[in-house]
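S.K.: There's a structure below that I have some questions on.
Where a number appears in this text, it was derived from the coordinates with a stated rule and is not lab data. Here the structure is a predicted model, which means the values were calculated and not measured. So basically every Cβ, Gly included, is an ideal-geometry build from the backbone, and we count neighbours across all protein chains shown.
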Amino acid sequence: MKLLREDSIQHNLTRIIILIAGIALLFALLIISSYNILSYYHSLTRNLIVQARIVSNNSTAAILFNNRIDAEETLSALKTVPNITSAIIYTKEGKVFATYQREKSKEDIHQFISHKEGYRLGINHLSLLHPIVIDKETIGNIYIRSDLKDLYTYLLLHLSLIIIVVTISLFIAIQLFSRLQSTITTPISNLAGLMRTVSEDKDYSVRSLIHGPSELRYLSNGFNEMLEQIQKRDSELELHRQHLEDLVNIRTAEMTKINEQLEQQLLERMRSEDKIRYMAYYDVLTDLPNRVFFKELLSRAIIHARRYGRIFAVFFIDLDHFKRINDTLGHDTGDILLKAVTKRLLQSLRSSDLIARSDSDMEKIEETISRMGGDEFIILLPELKAVEDAGRVAIRIIRDFSKPFVLNDSREIFITCSIGISIYPYDGEDVDSILKTADIAMYHAKEQGRNNYQFYKESLNADALERLNIENEMRRALNNKEFMLYYQPKINILNRKIVGIEALIRWRHPKKGMISPAQFIPLAEETGLIIPIGEWVIRTACLQNKDWQQAGFRPISVAVNLSARQIEQEDLIETVSQALSYAQIHPQYLELEITESTVMKNPVKATATLKALKDMGIKISLDDFGTGYSSLNYLRQLPLDSLKIDRSFIKDTTTSLDNAAVIKAIIALAHNLQLNVIAEGVETEEQMAFLSEHECDEMQGYLLSPPLPSEDITQFLPKANA
Amino acid sequence: MGNHLYKKIFYILPLILFCTTFFICQDVLPQRSKPKEYQVKAAFIYNFVKFIEWPDELFKDSTTVTFCIIGDDPFVSEIDTIQGQSVKGKVLEVTRINSIDKAKNCHLLFISSSERKNITYILKEIKNLSVLTIGDTEGFAQQGVIINFFIEENKIRFEINTDAANCAKIQISSKLLKLARIVGEGTK
């Protein structure tokens with residue numbers, strides 16, 4: 001049904017009520033109206049027949065006596081009846097005898113066709129043909145015609161009335177209904193609203209009002225009870241959930257506890273495992289790697305050394321007469337001593353920066369000390385540059401052992417050790433053989449009277465010892481002021497005037513006499529002693545120059561040789577500037593001589609350092625030119641003032657055409673680069689003539705003067721007023 | 001067939017009436033028109049019966065309505081048309097009388113114009129009888145004849161002396177009176 005849409009009850013009810021009321025009203029009104037209209041029609045026909053009878057009665061005489069006028073007069077009496085529009089009296093023969101027509105009516109009477117006796121109902125008229133009878137004889141007929149205007153008016157009136165009445169009634173019905181229905185619909189819509197609220201908010205604590213008709217009260221009651229049950233169940237569920245949650249929390253706490261315990265156990269186990277592992281690889285007393293671990297490290301070192309073509313040393317160290325200490329002072333003291341020895345060995349290794357190592361290795365094998373058991377220790381010295389380095393470390397250890405070991409009770413114990421040295425790969429190429437040769441070397445050291453070290457190969461011993469002695473003596477020489485500077489003048493070849501002095505180091509050994517720089521400078525370079533020696537040289541040269549200046553000589557520059565290590569030294573510039581300021585010498589009177597090889601070791605850094613020195617005002621010259629790489633590119637980049645042609649070229653100038661060509665080329669090159677050219681080692685007049693001829697700027701050498709002590713060189717120094 | 005006859009009569013009737021009137025006015029009554037006039041008059045007389053009420057005792061035992069003619073009979077054969085016709089449930093009978101004495105049983109009495117000199121006598125003789133007197137002579141009504149024909153505008157009309165009717169204890173329907181010219185005895 002279209003009438004009942006899915007709308008609210010209120011609207012549906014209203015529609016139903018309107019429909020029913022409307023239909024009922026219409027039905028009632030239609031019946032009443034029909035009845036009214038029918039009665040009206042009846043009265044109309046009755047009226048018509050009455051009129052017809054009156055007229056027929058009154059017109060009999062007129063007909064019989066053929067008096068038309070009278071007949072028409074009689075008919076005209078119909079004027080008083082408003083709805084009769086026309087009337088006709090017919091004679092017995094059917095002829096029109098008299099007519100009547102209401103003025104307003106425009107009907108054409110003659111068009112009327114007389115019909116049979118009785119009524120005839122047209123669209124807008126009602127007509128009646130009635131016989132005129134007198135003395136039981138029909139003497140004619142009367143035709144009366146009435147319009148239905150009144151009927152229609154009546155009908156219209158009725159319809160209007162129906163519409164008005166229906167409208168008003170419906171209006172009143174709706175008004176009344178809308179007032180009355182609220183008693184039914186309001187509770188329903190309240191319930192519906194409540195239900196929506198409940199389903200949206202899930203709030204089961206709300207309750208419906210109980211009002212309205214009985215069914216709705218039952219409904220509200222039922223709804224409330226349902227809500228109550230839901231709420232109850234909800235709270236029970238909540239309680240249950242809470243209980244479950246509590247249970248879960250308790251279980252979780254228990255689990256956590258158990259977990260912690262498990263973790264603790266695991267940690268402990270891991271600790272004990274670590275401990276076991278540690279014990280497997282380390283010596284418990286000294287915390288040093290044990291024999292097993294050391295062998296592993298040693299095999300690794302072998303692989304590394306084999307791969308990179310390195311050599312390394314293994315020391316086998318045995319404490320001398322340790323058994324005696326153990327026996328007399330007890331094992332506990334022995335253990336304490338072993339710990340102290342370990343500590344000292346570690347210190348000795350850590351401070352062994354004397355060992356020159358190659359820098360470029362990616363993987364590095366650390367120095368390792370291991371305790372083999374008892375009083376035996378093994379040291380792995382990886383990455384040796386020279387075999388002698390191993391001896392140097394051994395000497396240090398032996399020397400460090402010369403200091404007493406102070407025990408807990410401040411007792412001092414003196415103990416020495418014997419060291420056997422095995423060099424990979426010469427003395428053995430696998431772990432066992434290396435250890436074995438080291439052990440043998442150690443016994444050899446014991447045989448030599450203990451407190452010394454021995455290489456496995458006998459020949460190494462003397463050589464290494466010599467170098468070690470020199471190294472040790474160089475250290476001492478610095479302290480004992482055994483080094484001294486000799487000076488050699490440089491002159492301008494053209495005017496033979498002195499232009500500078502080169503300072504050259506000399507070592508006057510108390511026992512061996514004069515030692516040549518060629519003998520000790522490379523060793524000093526290797527050991528790094530060149531740094532303090534070089535520093536002494538610069539400082540001494542500057543002070544000497546200052547002395548000369550104060551003695552009244554014209555200031556000239558003193559040249560000092562720099563080694564590669566010095567140039568790489570981080571604080572070279574600081575050292576130089578300190579020396580200058582200490583001696584109060586202007587930088588222009590200091591000249592630093594470098595060689596190509598010293599620069600080439602680290603060209604970028606060396607160039608930067610030299611530029612900084614040059615910026616201070618110090619002169620830079622390139623020594624021994626022609627023997628090295630002679631890269632023109634670097635030559636151009638270096639901040640040089642002069643080139644020194646190596647003495648080897650000068651020596652054979654007059655006999656070797658090649659050397660002469662080289663000298664000429666060097667001179668040309670230097671002049672092209674705007675550099676001063678100095679010839680070294682000039683010994684003969686011919687050489688000087690050659691150099692002069694080829695426009696060499698300066699010269700130094702025995703022809704002029706050999707290097708002389710400072711006091712002897714003053715004869716060459718220019719007078720201040722000269 | 002009968003219908004046709006009626007139609008013919010009604011077509012001819014106006015012509016007849018016209019001619020009659022013409023002759024009366026000219027005082028020249030052609031022979032042929034006279035019977036037509038009286039034919040109409042005869043019909044009129046027959047119809048009068050329908051509107052007249054005689055005292056009841058008069059028709060106690062009678063089943064006839066007697067129409068008497070006194071004097072020269074102007075109707076001649078025209079009157080035959082109404083002879084024997086029934087009216088008000090009675091039969092109309094036409095009788096010619098030569099003496100007023102014989103008028104005792106008459107319900108209607110046509111007094112011919114020939115009796116113009118005897119009119120007073122005749123009326124005196126029937127004074128106590130309920131006879132509807134009818135004439136067609138000018139002045140009769142005023143003299144006491146109840147219904148008197150006259151011609152007006154070529155139409156046959158009649159006048160009624162209501163006093164005379166009252167005297168004769170004859171009631172005349174108002175419908176008839178309406179059609180008639182009312183005269184009294186003293187109106188002359």
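S.K.: Report the number of Lys pairs in the range A:208-366 whose alpha-carbons are under 28 Å apart, with separation of 8 or more residues or on distinct chains.
M.R.: Total qualifying Lys-Lys pairs in the range A:208-366 comes to 13.
S.K.: Give me the inter-chain shielding for A:64-76: mean count of other chain Cβ atoms within 10 Å, whole number please.
M.R.: 4
S.K.: Any idea how far apart B:D163 and A:Y281 come out in nm if each label point goes 7 Å out from Cα toward Cβ?
M.R.: In this crude spin-label approximation the distance works out to 18.4 nm.
S.K.: Run the helix sum for chain A: -39,500 (n - 2.57) per DSSP H stretch of 4+ residues, divided by residue count, reported at 222 nm to the nearest 500 deg cm²/dmol.
M.R.: So the helix-based figure for chain A works out to -18500 deg cm²/dmol.
S.K.: Oh, and also: State the Cα centre-to-centre distance between the range A:525-568 and the range A:665-722 in whole Å.
M.R.: Between the Cα centre of the range A:525-568 and that of the range A:665-722, the gap is 20 Å.
S.K.: Given 0.36 nm per residue, what is the gain on full extension from A:L244 to A:E412 after removing their alpha carbon distance, in nm?
M.R.: In short, 53.1 nm is gained.
S.K.: I need the P(r) histogram for the protein assembly as shown: all alpha carbon pairs, bin width 10 Å from 0 out to the longest distance, whole percents.
M.R.: Bins of 10 Å from zero give 2, 8, 10, 8, 6, 5, 4, 3, 3, 3, 3, 3, 3, 3, 3, 3, 4, 4, 5, 6, 6, 4, 1, 0 percent of pairs.
S.K.: Next question, about the same structure. How much FRET efficiency would the formula 1/(1 + (r/R0)^6) give for A:E263 and A:V292, where r is the Cβ-Cβ distance and R0 is 30 Å, rounded to 0.05?
M.R.: Working: r = 31 Å, r/R0 = 1.05.
For A:E263 and A:V292, the calculated efficiency is 0.45.
S.K.: Under 24 Å from the Cα of A:K481, which lysines turn up, not counting those fewer than eight places away in the same chain?
M.R.: Those lysines meeting the cut-off are A:K511, A:K512, A:K546.
S.K.: While we're here: Among the aspartates and glutamates, which have Cα under 12 Å from the Cα of A:K436 when same-chain residues fewer than 8 positions away are ignored?
M.R.: Partners within reach: A:D427.
S.K.: Angle between the Cα long axis of helix A:458-480 and the longest principal axis of chain A, 0 to 90 degrees, nearest 10?
M.R.: Once rounded, the angle reads 90 degrees.
S.K.: I would also like to ask the following. Could you name the aspartates and glutamates whose alpha carbon sits less than 12 Å from that of A:K385, not counting residues in the same chain fewer than 8 places away?
M.R.: By straight Cα distance, A:K385 reaches A:D359, A:E526.
S.K.: Another one. May I ask you to work out the translational diffusion coefficient for the range A:254-300 at 25 °C, viscosity 0.890 mPa s, via Stokes-Einstein with Rh from the Kirkwood sum over Cα pairs, reported in whole µm²/s?
M.R.: The Stokes-Einstein estimate is 197 µm²/s.
S.K.: Quick check: residue separation of A:S199 and A:A689 times 0.36 nm, minus the Cα distance between them. What number comes out in nm?
M.R.: On the way: separation 490, 0.36 × 490 = 176.40 nm, distance 12.21 nm.
Extending this stretch completely gives an extra 164.2 nm.
S.K.: Quick one: what are the phi-derived ³J(HN,Hα) couplings along the range B:138-155, Karplus 6.51/-1.76/1.60 with θ = phi - 60°, whole Hz, x for glycine and proline?
M.R.: Taking θ as phi minus 60°, the curve returns 4, x, 4, 4, 5, 7, x, 6, 6, 10, 10, 6, 8, 9, 9, 6, 6, 10 Hz for the range B:138-155.
S.K.: Which percent, to the nearest 5, of DSSP beta bridges fully inside the protein assembly as shown are antiparallel? Each step should come with its number before you reach the end.
M.R.: On the way: 76 of 120 bridges.
The answer is about 65 percent antiparallel.
S.K.: Just to confirm the number: angle between the C-alpha axis of helix A:517-527 and the first principal axis of chain A, 0 to 90 degrees, nearest 10?
M.R.: Tilt of helix A:517-527: around 30 degrees.
S.K.: Which whole-Hz couplings ³J(HN,Hα) result when phi for each residue of the range A:331-339 is put into the Karplus expression 6.51 cos²θ - 1.76 cosθ + 1.60, θ = phi - 60°, listed in order with x for Gly and Pro?
M.R.: Going residue by residue, I get 5, 4, 5, x, 5, 4, 5, 4, 4 Hz, with x marking Gly and Pro.
S.K.: Loop-only GluC sites (Glu not before Pro) in the range A:478-577, please: DSSP not H, G, I, E or B, and at most 12 other Cβ atoms within 10 Å.
M.R.: Those satisfying the criteria are A:E570.
S.K.: Next up: Round to the nearest 0.05 the FRET efficiency obtained for A:K79 and A:M226 when R0 = 56 Å and r is the Cβ-Cβ distance.
M.R.: Result of the calculation: an efficiency of 0.10.
S.K.: Given H placed on each backbone N at 1.01 Å, which residues far from A:K385 in sequence or on other chains put an amide H within less than 5 Å of it?
M.R.: Long-range HN contacts for A:K385: A:A356.
S.K.: Give the whole-number value, in cubic angstrom per residue, of the convex hull volume spanned by the C-alpha atoms of the range A:219-312.
M.R.: For the range A:219-312, the hull spanned by Cα atoms encloses 163 Å³ per residue.
S.K.: Enter the mean number of other protein chain beta carbons within 10 Å of the beta carbon of each residue in A:171-181, as an integer.
M.R.: If you average over the peptide's residues, the count of other-chain Cβ atoms is 0.
S.K.: Per residue of B:38-49, count partner chain C-beta atoms within 10 Å of its C-beta, then hand back the mean as an integer.
M.R.: Across the residues of B:38-49, the mean count of other-chain Cβ atoms within 10 Å is 2.
S.K.: Shifting gears a bit: Using only the Cα atoms of the range B:93-188, construct the convex hull and provide its projected area averaged over every direction, in square nanometres to one decimal.
M.R.: 6.4 nm²
S.K.: Shifting gears a bit: Using R₀ = 25 Å, calculate the FRET efficiency as 1/(1 + (r/R₀)^6) where r is the Cβ-Cβ separation of A:D335 and A:E273; round to 0.05. Walk me through the numbers before you get to the answer.
M.R.: Numbers: r = 26 Å, r/R0 = 1.04.
Calculated transfer efficiency: 0.45.
S.K.: With θ taken as phi - 60° and the coefficients 6.51, -1.76 and 1.60, list the Karplus ³J(HN,Hα) couplings across the range A:547-553 in order, rounded to whole Hz; mark glycine and proline as x.
M.R.: Once θ is set to phi - 60°, the couplings for the range A:547-553 become 4, 5, 4, 5, 6, x, 7 Hz.
S.K.: At 7 Å along the Cα-to-beta-carbon direction for both A:R120 and A:L19, put a label point, then send me their distance in nm to one decimal.
M.R.: Those two pseudo-labels are separated by 4.8 nm.
S.K.: With equal scatterers on the alpha carbons only and no solvent term, can you work out the Debye log10 of I(q)/I(0) for the range A:383-467 at 0.11, 0.20, 0.23, 0.27 1/Å?
M.R.: Treating every Cα as an identical point scatterer, log10 I(q)/I(0) equals -0.34, -0.89, -1.08, -1.33.
S.K.: Calculate, in whole percent, how much of the Cα-Cα pair population of the range A:265-415 lies beyond 19 Å.
M.R.: Above the 19 Å cut-off, the range A:265-415 has 59 percent of its Cα pairs.
S.K.: Using Cα atoms only, what is the angle between the long axis of helix A:214-281 and the major principal axis of chain A, expressed in degrees (0 to 90) to the nearest 10?
M.R.: It works out to around 10 degrees.
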